[in-house]
Amino acid sequence: MKPECILFDLDGTLLDTSFDFAYALNRTLSDFDRPHLRYQDIRKTVSQGGLAMTQLAFPELQGEALEAKRQHFLDIYYHNIAHHTQLFPGLLPGLQFLADHNIPWGIVTNKPGWLTEKLLSHFDFPSQPLTVISGDTLSVRKPHPEPMHLAAQQCGIAPENCLYLGDHPRDIEAGINAGMKTGAALFGYLPDSAGDDSWPADLFFATPFDVSHYLQSLK
């Protein structure tokens, strides 16, 4: 059965946010007289969240010292959140198809709401997402199924008729936990452990163009 609703992870699946994250993290390192990290090393960590990126930059820190660096990093990111971020090239035809055929879609991310709202304010999609669930919308977050179920409810579609696309094994786990079909965005910020198609998604997309081609097959 073809899905009736498409749900996207945000960072690494819908939007390429890696360059702005890399800028913010390396500027944080500069502020504390540390050498910069390679872009590719930062990119592989983006989907694991701000804490993981901060730990990558300051591996010797923990507790309050690490949290202070995380807040410094996220503050820089907030003020530079959309300088280089873009919709993944190749996704626009698919989103346009969803708009043209009134197919509901939305976003479920672990990114905190204050960053999600700021980022999305810079983008005008062919149709607006019917739901945006952030990491702090509820008391639980992915891979817990509750954020996924809330997104499906707000789109008016049963979870089993939704497809969730993500670039991290946690995303696939979240979709499975919620009873949704799942799609792996292999063009995203995959950790080294998820670089092949061995993780249990229903569908695999090597490029954003592949996602668009799939979405255009839904009607």
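The values are calculated or read from the model by the stated rules, or taken from the named source; none is laboratory data. These figures come from a predicted structure and were not determined experimentally. Note that we place each Cβ from the backbone using ideal geometry, even for glycine, and neighbour counts take in every protein chain shown. To get the accessible areas, we keep the full protein, side chains included, count just its heavy atoms, and leave off ligands, DNA and RNA. Shrake-Rupley method; radii C 1.70, N 1.55, O 1.52, S 1.80 Å.
The GluC sites (Glu not before Pro) of the range 1-73 meeting both criteria, a DSSP state outside H, G, I, E and B (loop) and at most 11 other C-beta atoms within 10 angstrom of the site's C-beta, are 60.
Using only Cα coordinates, the Kirkwood hydrodynamic radius of the range 37-93 works out to 12.8 Å.
Using 0.36 nm per residue and subtracting the Cα-Cα separation, the extra length available between residue 60 and residue 19 on full extension is 12.3 nm. Just for the chain, what percent of DSSP beta bridges are antiparallel, to the closest 5? Close to 10 percent.
Taking the helices alone, the chain has a mean residue ellipticity at 222 nm of -11500 deg cm²/dmol, built from -39,500 (n - 2.57) per DSSP H run of at least 4 residues and averaged over all its residues.
Pairs exceeding 21 Å between alpha-carbon atoms, taken from 2/181; 2/111; 118/181: 2/111; 118/181. With semi-axes defined as the square roots of five times the eigenvalues of the C-alpha gyration tensor, the equivalent ellipsoid of the range 54-152 measures 30, 18, 11 Å, largest first.
Just to confirm a number: summing +1 for Lys and Arg and -1 for Asp and Glu over residues other than residue 21 whose beta-carbon lies under 12 angstrom from that of residue 21, what do you get? Around residue 21, the charge tally is 0. The mean accessible area for residues of the range 35-111, using a 1.4 Å probe and ignoring ligands and nucleic acids, is 48 Å² per residue.
Per the Debye calculation on the range 132-184 with a single equal scatterer at every Cα and no solvent contribution, log₁₀ I(q)/I(0) for q = 0.23, 0.30 Å⁻¹ amounts to -0.79, -1.26. Remark: relative contact order (the range 116-164) = 26 percent; criterion is Cα-Cα distance under 8 angstrom and separation of 6 or more residues. Under 5 Å from the amide H of residue 133 lie the amide H atoms of 107, 108, 109, each residue being 5 or more positions distant or on a separate chain, with H modelled from the backbone and absent for Pro and chain starts. Based on alpha-carbon atoms, the Kirkwood radius and the radius of gyration of the chain give Rg/Rh equal to 0.97.
Rounded to the nearest 10 degrees, the angle from helix 63-78 to the longest Cα principal axis of the chain is 60 degrees. The HN-Hα couplings worked out from phi for the range 201-218 by the Karplus form 6.51 cos²θ - 1.76 cosθ + 1.60 (θ = phi - 60°) are 7, 7, 10, 10, 10, 6, 9, x, 4, 5, 4, 4, 4, 5, 4, 6, 8, 7 Hz, whole numbers, x standing for Gly and Pro. On the accessible surface of the range 121-219, probed at 1.4 Å, how many percent belong to carbon and sulfur atoms? Here it works out to 50 percent. So what does the Cα-only Debye profile of the range 1-108 read at q = 0.24 Å⁻¹, as log10 I(q)/I(0), no solvent term? Values returned for q = 0.24 Å⁻¹ are -1.29. Measuring nothing but alpha carbons in the range 95-162 and taking Rh as the Kirkwood radius, the Rg to Rh ratio lands at 0.98. Given +1 at the Cβ of Lys and Arg, -1 at the Cβ of Asp and Glu and no other charges, the dipole of the chain around its Cα centre is 140 debye to the nearest 20. Compactness of the range 87-131, taken as the C-alpha radius of gyration over 2.2 N^0.38 Å, stands at 1.20. Whole percent per 10 Å bin, from 0 to the bin with the longest distance: what is P(r) over all C-alpha pairs of the range 112-219? Calculated P(r), rounded to whole percents: 14, 41, 41, 5. Here the Kirkwood formula, the inverse mean of 1/r across different C-alpha pairs, assigns the range 14-67 a hydrodynamic radius of 11.3 Å. Between 191, 200, 59, the residue with the greatest mean-square fluctuation in the GNM of the chain (Cα pairs under 10 Å linked by springs) is 59.
Excluding the site residues themselves, the longest part of the chain lacking any chymotrypsin sites (Phe, Trp or Tyr not before Pro) in a DSSP loop with at most 15 other Cβ atoms within 10 Å is 124-219.
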